[in-house]
1. Run the label-point distances for A:Glu165 please: 7 Å along Cα to Cβ, every other copy, nanometres, shortest first.
2. Can you give the Rg to Rh ratio of the range A:103-162, both from alpha-carbon atoms, with Rh computed by the Kirkwood formula?
3. Which far-off residues, 5 or more places away or on another chain, put their amide H under 5 Å from the one on A:His206, with H placed in the peptide plane?
4. What is the spin-label model distance, in nm, from B:Glu150 to A:Glu103 if the labels are put 7 Å beyond Cα along the C-beta direction?
5. Please report, in whole Å, how far the alpha carbons of the range B:5-297 spread along each principal axis, starting with the longest.
6. Determine which chain A residue has its Cβ at minimum distance from the rotation axis mapping A onto B, giving the value in whole Å.
7. Restricting the count to DSSP beta bridges whose residues both fall in the range B:5-297, what percent are antiparallel, rounded to a multiple of 5?
8. Roughly what % of DSSP beta bridges within the protein assembly as shown run antiparallel, to the nearest 5?
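Where a number appears in this text, it was derived from the coordinates with a stated rule and is not lab data. Source: prediction; values computed, not measured. No Cβ is skipped: glycine too gets one built from the backbone with ideal geometry, and neighbour counts run over all protein chains shown.
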Protein chains: 2
Amino acid sequence: MPDVTIIDVSPRDGLQNDPKPVSTEEKQQLVRMLVDAGVEKVEVTSFVHPKKVPQMADAKELVHSLAHMEDLEPIVLIPNLKGYERTKELRVSEINWVSAATETFNAKNIGMSIDENMEQFLKVLGEAKQDGIKTCFSVAVSFGCPYEGEVDEEQVLRIVRRVKEAGVDRIGIADTIGIATPDQVERLMSKVLEIAGTTPVTIHLHDTRGLGLANAYMAYRAGVRIFETSASGIGGCPFAPGAAGNLATEDLVYLFERMNISTGIDFEKLLDAADYAAILSSKNPLGRIRHVERKKEKGN
Amino acid sequence: MPDVTIIDVSPRDGLQNDPKPVSTEEKQQLVRMLVDAGVEKVEVTSFVHPKKVPQMADAKELVHSLAHMEDLEPIVLIPNLKGYERTKELRVSEINWVSAATETFNAKNIGMSIDENMEQFLKVLGEAKQDGIKTCFSVAVSFGCPYEGEVDEEQVLRIVRRVKEAGVDRIGIADTIGIATPDQVERLMSKVLEIAGTTPVTIHLHDTRGLGLANAYMAYRAGVRIFETSASGIGGCPFAPGAAGNLATEDLVYLFERMNISTGIDFEKLLDAADYAAILSSKNPLGRIRHVERKKEKGN
């Protein structure tokens, strides 16, 4: 067993807002390359309304096309009950349900209050348990909100307590806009882990302001062992070339492997997957470590 | 008094290997903008052989031209006794003497063994004390060497003990090639601080593999309060566009200010200085936080 688990979210969070169309075959290829590199848990798509997120319109088709990949544990994002219904009869390991820590973000993002969202989630949780599908509850904007600014820790912890009591299989804490600082990560994640007990806890990181790795390291120190990152760091705002998006999977894997913390991932193959992710993304970003390694190979 | 001190090394480490010629006036302007932003300690140049480092050939002229800047505490890098002689009659606050932690790096970089270098330093230290000039002894490649690979902590600590005993005014530990990991930084800096006692300790960071801020944060946690960074992150290998160089001053200032750790630096003015540093550099890099902030201003 590796010391840490990396969930790559590039096919979902990396591509969802990208204006450049990406075909089902290309997404399938990205997932295949990630699985080949040893990344078994991949958030492959999102069952959102196709009009709201056209890039994810092929969600059903994509998940179906991945059914034969034995080593893959496909995770899909679900925003509501309807989204869950669409996953029926598909091979899905886990659903990732999202609610923001703030009312404003929830209103703008999913058109529901935190309580309305929770009510729907509890229904889905019941169904998923019957269907034998695992559930993750992710708390978006846990470290800061683009509309409300600072987020009180208690807002996050209240949600965490509620889903823990409801029997969720995994709790996700997301730095959706890449605003967290390492001291804040250590403080909040310690409290979340205490509430979560034996329930696995994930941190979802962005690198917008260059703090992704510092935050990941402090989450690790606090006891977090599951990380959500994106190959090549694709994602974030696609209209800002050069700005960092999600934390790059290869940057985090590099950090862990350098510290002798095993990830179970083949680094060279991961760089290949990251190269491919960068080609698919309209931002074509260059993860820090990927740049260094690929330059080295070319003899520069 | 600010909680931490930032020494900006962009005029020296940021420009020294850059193939694009930068005039004395431009360097002067960069220093002026840094001082205007509240960065009082600036490593302005290096008294090396002009044939070896043509970009620093105007060292004497530059330092002379900065004499009128009252708020500036100019630091200059000195590689040998001859370099020290060249600083005489110039207004210099502190000299920064460099030796590597490894014999191979020293041989290739300055053509001296560690012991030969130390012998010369002790002479300079004596002279500097008489001249009323402070001295810093910086240990290059303390976390990893491009020739020898891993560096034993004891190699670094042995040098630190020797210069501490000799009465140096500051001890610098440098991650010259940006290879350090946060756990390693915490471990080594704790030991260095213990030996240093009341002698101030600096960490000099590069961001080559994206770990600059994680390393800075762990150095801070270990007790380090002085950091050497470069405006806009200029420096590093100038032939790898896109690859990170020195840790960007504005990225570190952003981190500290977000954590309510005061730096005494005006952030907006620092971004102006960073913009200017980027223009001077042939890499024209874009520090992470600068990208976010400057985009914001433009309304993107």
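1. Distances between equivalent label points, in nm: 6.5.
2. With Rg and the Kirkwood Rh in hand, the quotient comes to 1.01.
3. A:Asp175, A:Gly178, A:Leu247
4. Each label point lies 7 Å from its Cα, and together they span 5.6 nm.
5. 52, 42, 35
6. A:Ala214, 2
7. So the antiparallel bridges in the range B:5-297 amount to around 5 percent.
8. About 5 percent, rounded to the nearest 5.
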